[in-house]
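Quick one: the structure is below, and I'll ask about it shortly.
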Amino acid sequence: MFEIEYELRQEDLVHFNEMQLLKNPDLQNNLKKNRWIVPGIMILIGAYYYFYYGDRNTSGYIMILAVLWAVLSPKLMLLDLRSQILRSYTPQEKRTLFGTYTLSINPETSNYLIETSPSGKHKMPWADMVRVEYGKRYVYIYLDLNTALVIPVDTVKKGNLEQFAEQAEKMIERFA
């Protein structure tokens, strides 16, 4: 039997949702437009002020604003994205999401991944799961294309995460 116990925190949920949204091509396109088109237009305006009016000060201020926009706007957009993610969950949902999770695999007798969480005990069929994915600080067990169990490596309290993830991959392949 394979079992791990870990703590899911608010930052882990935000990280997963942020990662999913950053994979979205529309959002990537908007970030690129905001980062390059707006500063490009500002640089053109600054060049116009410099060459047409000979105003170095105004041109310099506009150029500095363009560079600051290009550097800071993606960071500000990500901060806004994080706050939107957190606002999308009600306080009740947050209470049932964050806390100590226990995942159990019994390879011989069970067709389910057993999860014990703050919201209760759940059985998840292996046949419904998609894949196991490894990140730098996380292991994700995808339940479908957009939903996953997020396991932060830093907060694993009990069990061997590597062995557990390998066994989960084997079980998903076996029931696929």
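For region 140-156: of the residues being farther than 17 Å from ILE114 by Cα and touching a residue at least 24 places away in the same chain (Cβ under 8 Å), which is surrounded by the fewest Cβ atoms within 10 Å (Cβ to Cβ)?
Checked region 140-156; the qualifying residue surrounded by the fewest Cβ atoms within 10 Å (Cβ to Cβ) is ASN146.
Give just the number: which of (1) acidic (Asp, Glu); (2) over 18 Å from LEU143 (Cβ atoms); (3) part of a helix (DSSP H, G or I) does ASP12 not satisfy?
Only one criterion in (1) acidic (Asp, Glu); (2) over 18 Å from LEU143 (Cβ atoms); (3) part of a helix (DSSP H, G or I) is unmet by ASP12, namely (2).
Tell me the residue from SER110, SER88, SER59, SER73 that is at pLDDT 90 or above and either under 19 Å from the mean Cα position of the chain (by Cα) or surrounded by 14 or more Cβ atoms within 10 Å (Cβ to Cβ) (or both), please.
Unique residue meeting the criteria: SER59.
So, one more: Can you confirm whether region 70-81 contains a residue that is over 22 Å from GLU11 (Cα atoms) and not acidic (Asp, Glu)?
yes
Being touching a Phe, Trp or Tyr at 6+ places or on another chain (Cβ under 7 Å) and of a type in the set (Val, Ile, Thr) is the filter here, so list the residues in region 133-165 that pass it.
Correct list: VAL150, ILE151, VAL153, THR155, VAL156.
Pull out all pairs, ordered by first then second residue, where Cβ-Cβ is under 9 Å, the residues are six or more apart or on different chains, the first lies in region 120-136 and is under 19 Å from THR102 (Cα atoms), and the second is assigned to a strand (DSSP E or B) and modelled with pLDDT under 90.
Filtered contacts from region 120-136: HIS122/TYR112; LYS123/TYR112; MET124/TYR112; PRO125/TYR112; TRP126/TYR112.
The values are calculated or read from the model by the stated rules, or taken from the named source; none is laboratory data. Treat the numbers as computed from the prediction; the structure is a model and nothing was measured. Methodologically, a virtual Cβ is constructed for each residue, glycine included, from the backbone with ideal geometry; neighbour enumeration extends over all protein chains shown.
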